[in-house]
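K.L.:
What follows is a structure written as structure tokens; I'll ask about it next.
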Amino acid sequence: MTAESLETRVLTANLDVADLHRIDVYESTGGYASARKAVLELSQEQVLSELESSGLRGRGGAGFSMGKKASFIPKGSMDKYLCCNADESEPGTFKDRLLMQRNPHLLVEGVIIGAIAAGANRAFIFIRGEYALQADILDAAVEEAYAKGYLGESVFGSGVQVELVVHRGEGAYICGEESALLDALEGKRGNPRLKPPFPANQGLYQGPTLINNVETLCNTPIIIEKGAEWYRRHGVGNSTGTKLVSVSGNVRRPGNYEIELGITAREIVYGLAGGPPEGHEIKCWFPGGSSAPVLLPEDLDRPYTFESMAEAGSMLGSGAIIVVDDSIPIVDVALRLAKFYRHESCGKCVPCREGTNWTVKMLERIDAGEATPMDIEIVASVQQNIIGNCLCVLGDSMAMPIGSMIAHFRPEFEAHIEAARERAEHDLLAAPVESAENLAASAHAGPGVG
């Protein structure tokens, strides 16, 4: 099969259209017809039912039913909020950036439809601070939509209110966690909140709040246009639709690929991304961003679905596949990952604050050859003590992949310790000889040198 035949372009079907970011060009491709239909022709219950029947699951990591999540928003005349999580700070993930940059009106239309489904009258797109270009493009798209009457106090002249604001974050990974995102939107430090209460009942400004990812919301115009039954024809089982997959690491053709859920991971990594460089083999791979437990080469033949990745002991997550080949020491991967999560921890809870720090220190001992096999056991036990004991999943996001690396590659960790120790001993023995030679050279040079 060719690489082209492995892709199923639905979300990305029009990305090559010139000037698609302009509202007139977007409308020429059928844009805003779905939002108009949702506002003027369908009831809130019908929109909600269509989204729920489609089987659309969250594309940001958790994989929860989008329609079911929207149904949790209580009825009533109070202000209700929709928050689009455009923080996209998971290492290895760069798909939402593509959608916002090339097709911003698809997201704006998705926000309108999501707001109708939830009965929300106020919406925010929380975008990471580093995405300055994408934020500028979104700001322009929102302004165009307001000018056309597609946003505001009476969208499409219906009397239904949907206000939308693009809010720029300050570049903290923790703000990708939904409750920390809400605190940041309120002008506070981005810290996770205790749950319950959950955002659906008490979220932004204490009001009912629906939070969805960029890719999730971008699917809603397609579902309203083509119907839930059409959408369910793509994918398998409870993993319906297409998925944008960001592939990076040791592959020949890194990039974003839109695939139908259910093709094998091997078809993605080898068929689309070209596999590892010539002469190298895959050591392990992350199926859903850096926070997903690593899988082995034999798992590449599994279907790329939410269920299959969970059965393998990992998760599909944000849909970011990171490939590690046999040229990369596994300790290097673990240490770099641990340092990232230590740096990004908000420090609010002890298991994450202390656990990430201890993990880095122990891995540095392993890397320097100062550890023993018992230290590997200690690192593994620290990960177990972190998982499930933090205020949010940031601690788990480090503990799960590092725990899986130790489980799969313990012999390599042990060999790394021995090799590092031998190098350290060799350098220590060589140091006095080198020092004596330097002293002799200095003496020979005579006074006034140095």
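Bear in mind these aren't lab numbers, they're just calculated from the coordinates by the rules spelled out. Bear in mind the structure is a predicted one, so any value in this text is a computation, not a measurement. So basically every Cβ, Gly included, is an ideal-geometry build from the backbone, and we count neighbours across all protein chains shown.
K.L.:
Compute the angle between helix 394-445 and the longest alpha-carbon principal axis of the chain, please, reported from 0 to 90 degrees and rounded to the nearest 10.
P.N.:
That helix lies at roughly 40 degrees to the long axis.
K.L.:
May I pose another question? Quick one: net charge of D332's neighbours, Cβ under 13 Å, K/R +1, D/E -1? Spell out each step's value before the answer.
P.N.:
Working: positive: K283, R336, K339; negative: D325, D326, E364, D367, E412.
In short, -2.
K.L.:
To the nearest whole percent, what portion of all C-alpha pairs in the stretch 69-224 is separated by more than 22 angstrom?
P.N.:
Values: 4382 of 12090 pairs.
Within the stretch 69-224, distances greater than 22 Å cover 36 percent of Cα pairs.
K.L.:
Could you pull out the GluC sites (Glu not before Pro) across the stretch 32-100 that fall in loop regions by DSSP (anything but H, G, I, E, B) with no more than 16 other Cβ atoms inside 10 Å? Walk me through the numbers on the way to the answer.
P.N.:
Working: sites: E41, E45, E50, E52, E88; in loops: E41, E88.
Within the stretch 32-100, the qualifying GluC sites (Glu not before Pro) (loop, at most 16 other Cβ atoms within 10 Å) are E41.
K.L.:
Something else: Per the Cauchy relation, a quarter of the hull surface: what is the mean projected area of the convex hull of the alpha carbons in the stretch 130-177, in nm²? Numbers along the way, then the final one.
P.N.:
Values: hull surface 16.0 nm².
Reported value for the Cα convex hull: 4.0 nm².
K.L.:
Considering only the other residues whose Cβ falls under 12 Å of the Cβ of D136, what net charge follows from Lys and Arg at +1 and Asp and Glu at -1?
P.N.:
Working: positive: R168; negative: D139, E143.
Overall, the nearby charge balance is -1.
K.L.:
A further question follows. What is the set of long-range amide H partners of H167 at a cut-off below 5 Å, with H atoms built 1.01 Å from backbone N?
P.N.:
Counting only residues 5 or more places away or on other chains, the set is I125, F126, I127.
K.L.:
What is the P(r) of the stretch 308-380, as percent of Cα-Cα pairs per 5 Å bin from 0?
P.N.:
It works out to 3, 13, 19, 18, 22, 17, 6, 1, in whole percents.
K.L.:
Taking every alpha carbon pair in the stretch 331-423, what does the distance histogram look like in 10 angstrom bins from 0, in percent?
P.N.:
Spelled out per bin, shortest first, that is 19, 53, 24, 5, 0.
K.L.:
Please report the base-10 log of the normalised intensity I(q)/I(0) for the chain, using a Debye sum with one equal scatterer per alpha carbon and no solvent, at each q in 0.13 (1/Å).
P.N.:
With one equal scatterer per Cα and no solvent, log10 I(q)/I(0) is -1.15.
K.L.:
A further question follows. Can you give the calculated 222 nm mean residue ellipticity of the chain, where each DSSP H run of n ≥ 4 adds -39,500 (n - 2.57) and the sum is split over every residue, rounded to the nearest 500 deg cm²/dmol? Before the final figure, lay out the partial values.
P.N.:
Values: 16 runs with 207 residues, N = 450.
Theoretical 222 nm ellipticity from helices: -14500 deg cm²/dmol.
K.L.:
Out of the chymotrypsin sites (Phe, Trp or Tyr not before Pro) in the stretch 43-148, which ones are loop residues according to DSSP with at most 14 other C-beta atoms within 10 Å? Write out the running numbers ahead of the final one.
P.N.:
Values: sites: F64, F72, Y81, F94, F124, F126, Y131, Y146; in loops: F64, F72, F94, Y131.
Hits after loop and neighbour filter: F64, F72.
K.L.:
How large is the Rg to Rh ratio of the stretch 136-261 when both quantities use alpha carbon positions and Rh follows Kirkwood? Please report the intermediate quantities before stating the final value.
P.N.:
Working: Rg = 18.1 Å, Rh = 17.8 Å.
Ratio of gyration radius to Kirkwood radius for the stretch 136-261: 1.02.
K.L.:
Also, quick follow-up: Can you pull the Kirkwood radius for the stretch 236-325, inverse mean 1/r over Cα pairs, to one decimal in Å?
P.N.:
Every distinct Cα pair counted, the radius reaches 12.5 Å.
K.L.:
Quick one: helix 132-148 against the long Cα principal axis of the chain, what's the angle to the nearest 10°, folded into 0 to 90?
P.N.:
Its long axis makes an angle of about 0 degrees.
K.L.:
Let me ask something additional. If I take every Cα pair under 8 Å that is 6 or more residues apart in the chain, average their sequence separation and divide by the length, what percent do I get for the relative contact order? Could you put the intermediate results ahead of the total?
P.N.:
Values: 866 pairs, mean separation 68.4, N = 450.
Relative contact order here is 15 percent.
K.L.:
Given a cut-off of under 8 Å on Cα pairs at least six residues apart, what relative contact order in percent is computed for the stretch 19-231?
P.N.:
30 percent.
K.L.:
Give the angle, between 0 and 90 degrees and rounded to the nearest 10, that separates the Cα long axis of helix 350-368 from the longest principal axis of the Cα atoms of the chain.
P.N.:
40 degrees
K.L.:
I've got another one for you. Counting other Cβ atoms within 10 Å of each Cβ, which GluC sites (Glu not before Pro) in the stretch 314-383 have at most 15 and sit in a DSSP loop?
P.N.:
Sparse-neighbourhood loop GluC sites (Glu not before Pro): E370.
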